[in-house]
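The values are calculated or read from the model by the stated rules, or taken from the named source; none is laboratory data. Treat the numbers as computed from the prediction; the structure is a model and nothing was measured. A quick note on method: Cβ atoms are made from the backbone with ideal geometry, for glycine too, and the neighbour counts reach across all protein chains shown. We work out accessible area using only protein heavy atoms, side chains counted, and drop any ligands, DNA or RNA first. Shrake-Rupley method; radii C 1.70, N 1.55, O 1.52, S 1.80 Å.
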Amino acid sequence: MRLLLTSAGITNPTIHNALVDLLGQPIARSNALCIPTAGYGSSYGPAGPWHFLRGADMGWKSVGVLELTALQSIDTQRWIQWVQDADVLLVNGGDTLYLSHWMRQSGLADLLPSLTEMVYVGFSAGSLVLTPRIGQRFTDWTPPTGDLRTLGLVDFSIFPHLSRPDMPENTITDARRWAAQIAGPAYAIDDDTAIKVTDSRVEVVSEGHWKLFTPAP
């Protein structure tokens, strides 16, 4: 699976071009499937998923919605076919552990590694859910299973929304303090930055600011 892990989505031409490169074809020829689930676990209310879905229409050939909390009531092969028919998954931000829980409960987490031709675009929590750990800072909702793990499909962690004006707690100093508690490499990225992953290659694409923190030997 090819990944574009963003803080706030497709916010500038550089990130847009990275998406097209991962798709290998124009957006107008690509089918998108949106996953709004994480937004329902956050404190922002139902407006968050609506804004995400409204902003997801970028001129795709088709756009669908996959709500993970509904998948257990749908025939498994039916929704798996929906996913396999898509060219790109757009995964909303919100609460990371809520998203992680429903990715596992729905079966999507087990399916993701087999989607070798799929492009996955994460928005904030949609990006963090693929990392090995998020730290206490980004832990709000507690799954009923008590499982605080994220999916660990990449080997680095992410601090999103760096230096965002309406998030005064997201300074580079805050990011450095958070990274010191993460046992592994960690990127702090602002809303104009994304991390592009193809096979084992990791590339930062940015028109903004970012920093890689590496653990002390």
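A compact table of results
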quantity: Within the stretch 121-140, considering residues that are part of a loop (DSSP other than H, G, I, E, B) and among the small types (Gly, Ala, Ser), the one surrounded by the most Cβ atoms within 10 Å (Cβ to Cβ); calculated: Ser124
quantity: Within the stretch 40-120, helices (runs of 4 or more DSSP H) holding 2 or more residues that are touching a strand residue (DSSP E or B) at 6+ places or on another chain (Cβ under 8 Å); calculated: 47-55, 76-85
quantity: The stretch 22-33: number of residues that are out of contact with any strand residue (DSSP E or B) (no Cβ under 8 Å at 6 or more places or on another chain) and in a helix (DSSP H, G or I); calculated: 3
quantity: Hits in the stretch 172-217 (condition: of a type outside the set (Lys, Arg), surrounded by fewer than 18 Cβ atoms within 10 Å (Cβ to Cβ) and outside any loop (DSSP other than H, G, I, E, B)); calculated: Ile172, Thr173, Asp174, Thr198, Val202, Glu203, Val204, Ser206, Leu212
quantity: Where Thr14 falls short, out of the listed (1) in contact with a strand residue (DSSP E or B) (Cβ under 7 Å, 6 or more places away or on another chain); (2) hydroxyl-bearing (Ser, Thr, Tyr); (3) open to solvent by less than 20 Å² (accessible area, probe 1.4 Å); calculated: (3)
quantity: Test for Ile134: is it farther than 29 Å from Arg78 by Cβ and in contact (Cβ under 8 Å) with a residue 40 or more places away in the chain; calculated: no
quantity: Qualifying positions in the stretch 157-171 - in contact (Cβ under 8 Å) with a residue 40 or more places away in the chain and buried (at least 20 other Cβ atoms within 10 Å of the Cβ); calculated: Ile158, Pro160, Leu162
quantity: Output for the stretch 21-66, where each listed residue is exposed (fewer than 14 other Cβ atoms within 10 Å of the Cβ) and aliphatic (A, V, I, L, M); calculated: Ala28, Ala47
quantity: Test result for Tyr98, open to solvent by less than 10 Å² (accessible area, probe 1.4 Å), among the aromatic types (Phe, Trp, Tyr), in contact (Cβ under 8 Å) with a residue 24 or more places away in the chain and out of contact with any Asp or Glu (no Cβ under 6 Å at 6 or more places or on another chain); calculated: no
quantity: Check on Asp85, open to solvent by 40 Å² or more (accessible area, probe 1.4 Å) and at pLDDT 95 or above; calculated: yes
quantity: Single match in Pro168, Pro144 (criterion: of a type outside the set (Asp, Glu), modelled with pLDDT under 95 and either in contact with a Pro (Cβ under 7 Å, 6 or more places away or on another chain) or farther than 29 Å from Ile80 by Cβ (or both)); calculated: Pro168
